[in-house]
Amino acid sequence: MQYENLSVTFAGQVATVTLNRPEVRNAFNEGMIAELTVAFEALNDRDDVRAVVLAANGKAFCAGADLNWMKKMAGFSDEENRADALRLANMLSAIYRCGKPVIAKVSGDAYAGGMGLVCACDIVVAVDTARFCLSEARLGLIPATIAPYVIRALGEQASRRYFITAEQFDCATALRLGLVSEAVAADQLDATVQQLADTLCANGPHAVRECKQLVQDVAGWPLDAGLIEDTAVRIARVRAGAEGREGVASFLEKRTPLWRN
């Protein structure tokens with residue numbers, strides 16, 4: 001597929017989805033939202049892709065919603081507004097639910113909806129000069145569609161503060177809050193992301209998918225009999241699978257598992 005607002009490239013088993021609207025700080029509009037949804041749904045179905053990097057061209061990672069798009073939305077009916085918001089929500093879900101691990105390569109500032117993109121990813125590597133902001137309240141709006149992902153990433157207490165204050169915070173704060181996995185100098189960003197991608201690709205692809213789903217399903221689930229039963233069923237299923245058997249056998253036989261060949 002040909003994209004107008006982003007690019008999708010491949011290097012080995014790693015796909016890179018790059019936001020490509022640097023002239024507007026990679027702010028998203030309906031076109032970018034649609035393309036991101038299609039791109040992540042397609043990558044989810046590709047067996048030759050083991051990891052995905054979400055990157056951006058230009059000085060900013062993503063400034064949130066495009067101003068011209070926001071002006072257009074001002075004239076929407078209630079029904080049109082709901083449909084538009086649902087498209088954004090579905091795009092974020094496509095990233096979050098992607099069976100491949102997704103690394104956010106944050107090369108610049110992430111504001112508003114850009115924070116949603118970051119928080120929908122599994123691992124976040126950011127330049128140490130990046131700034132973050134949930135700026136919606138300044139405009140009399142709320143960060144509703146991105147809230148499920150931001151609250152999972154920041155936690156309830158920090159989310160409460162930054163939702164209502166709309167303060168900007170730096171990368172050191174994002175690292176302390178757990179939003180950012182690693183903060184690095186700009187000249188180390190590419191190498192750090194590549195090393196993480198290589199690490200992901202060395203693991204069993206089915207196991208990685210199952211691990212990602214495990215976290216999403218178990219987070220917030222009370223430690224009850226249902227959870228205990230569920231986790232036992234999961235490990236039993238994976239152990240009996242071809243990849244699980246191959247992984248254990250290769251370890252015992254001191255050889256490289258087949259998925260690395």
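Quick notes on this one:
- The condition of being under 22 Å from ASP190 (Cα atoms) and either among the small types (Gly, Ala, Ser) or not assigned by TED's automatic domain parsing to the domain that holds ALA85 (or both) holds for only one of ALA11, ALA34, that being ALA11.
- Residue in segment 165-177 that is under 20 Å from the mean Cα position of the chain (by Cα), surrounded by fewer than 17 Cβ atoms within 10 Å (Cβ to Cβ), on the phi > 0 side of the Ramachandran plot and not charged (D, E, K, R) present: no
- Among the candidates VAL193, VAL184, VAL180, VAL218, residue that is among the hydrophobic types (A, V, I, L, M, F, W, C), modelled with pLDDT of 90 or more and not assigned by TED's automatic domain parsing to the domain that holds PRO101: VAL218
- Taken together, ALA110, ALA104, ALA51, ALA85 contain a single residue that is surrounded by fewer than 24 Cβ atoms within 10 Å (Cβ to Cβ), in the same structural domain as LEU141 (by TED's automatic domain parsing) and among the hydrophobic types (A, V, I, L, M, F, W, C), which is ALA85.
- Some residue of segment 139-146 being without any contact (Cβ under 8 Å) to a residue 40 or more places away in the chain, crowded, with 22+ Cβ neighbours inside 10 Å and in the same structural domain as GLY64 (by TED's automatic domain parsing): yes
- Checked against (1) out of contact with any Gly (no Cβ under 8 Å at 6 or more places or on another chain); (2) among the aliphatic types (A, V, I, L, M); (3) under 29 Å from CYS62 (Cα atoms), LEU223 meets all criteria but (3).
- A single member of ILE123, ILE146 is in contact with a Ser or Thr (Cβ under 9 Å, 6 or more places away or on another chain) and either among the hydrophobic types (A, V, I, L, M, F, W, C) or at pLDDT below 95 (or both), and it is ILE123.
- PHE169, sole failed condition from (1) aromatic (Phe, Trp, Tyr); (2) in contact (Cβ under 8 Å) with a residue 24 or more places away in the chain; (3) not assigned by TED's automatic domain parsing to the domain that holds ARG138: (3)
- Just so you know, in segment 60-81 the residues that are part of a loop (DSSP other than H, G, I, E, B) and more than 16 Å from ILE146 (Cβ to Cβ) include one that is modelled with the highest pLDDT, and it is ALA60.
The values are calculated or read from the model by the stated rules, or taken from the named source; none is laboratory data. Computed from a prediction, not measured in an experiment: that's the story for all the values here. Please note: Cβ atoms are built from the backbone with ideal geometry, for glycine as well, and neighbour counts cover all protein chains shown.
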